[in-house]
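Down below is the structure, laid out as structure tokens.
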Amino acid sequence: MKRASKWILRITLAILIIMAALIGLWQLSKMRSYQLFGEIVSSVDTHEKVIALTFDDGPTAAYTNEILAILDQYGVKATFFVIGREVEENPEHARSIVEAGHELGNHSWSHPNMSLLSLDRVADEIERTDAAIRAVGYEGELHFRPPFGKKLLTLPWYLRQHNRTTVMWDIEPETYAEIAAEPSRIVQHVLDNARPGSIVLLHLMYESRETSRQALPTIIERLREQGYKLVTVSELLSVSAFAAGGR
């Protein structure tokens, strides 16, 4: 009886240890400012009032031109983290983003959770997307943003081996259903959390994100009223690098 109780205790402890390890890995995979290998950025340390607007997914035929028109109206340059498959399906819209002077980033080929993918699959997701982006004429630096913000071992390892920066974010209004439901709440969330060096994440390319598209003009106006300059991710990183070099 005692022997059986000991085995039950050992099995229970083993299960608890495994569960704790899995929870730890899950937490690690979604951390915004830490990964096991390579460079990661969710915001930059600067006193300059600069913020990067970043848009994930697409391009899509339905909404790319609308988004570009808003940005053009305000003279703002943003960073679009695009999906390779959608670039291939909508090359003219991807080309429109490039021709308007915006920055393109890599958001994978098919938008999988990349935290547990093999190294070969990671390479394929990134390199196919790089090729699609280059095919529409983009010549700038290609930063990478993981789908769902998830990364663990193979993805950070690949990015480090290829000197690529993982770009995350520190402002994400759409993550909260009650905030994403109304444009005014999205705007207020951005304003409440904005600070010099922030990176704002929005999804604008699909029908379900109408409230985010409605919020975009007011976000731009209100941030400018607070003295912020809206920049691309590369411009934001250059501000950080300049500040570090000046210390």
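Below, the figures for the structure above:
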quantity	calculated
Residue among Q188, Q214, Q226 that alone is farther than 19 Å from E103 by Cβ and in contact with a Pro (Cβ under 6 Å, 6 or more places away or on another chain)	Q214
Enumeration of residues in the stretch 194-228 that are among the charged types (D, E, K, R) and over 27 Å from V239 (Cα atoms)	E207, R209, E210, R213
Residue in the stretch 133-152 that is nearest to W169 (Cα to Cα), counting only those that are charged (D, E, K, R) and touching a helix residue (DSSP H, G or I) at 6+ places or on another chain (Cβ under 7 Å)	K150
Matching residues, the stretch 55-86, being touching a helix residue (DSSP H, G or I) at 6+ places or on another chain (Cβ under 6 Å), of a type in the set (V, I, T) and closer than 19 Å to F148 by Cβ	T79
Verdict on E174 being acidic (D, E), farther than 16 Å from A52 by Cα and assigned to a helix (DSSP H, G or I)	yes
Residue match in the stretch 213-222 (condition: more than 27 Å from H47 (Cα to Cα) and assigned by TED's automatic domain parsing to the domain that holds V44)	yes
Subset of the stretch 181-232 [in a helix (DSSP H, G or I), touching a strand residue (DSSP E or B) at 6+ places or on another chain (Cβ under 7 Å) and farther than 18 Å from G58 by Cα]	V190, N193, I220, L223
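The values are calculated or read from the model by the stated rules, or taken from the named source; none is laboratory data. Please read all numbers here as calculations on a predicted model, not as lab measurements. Reconstructed Cβ throughout: ideal geometry from the backbone, glycine too, with neighbour counts over all protein chains shown.
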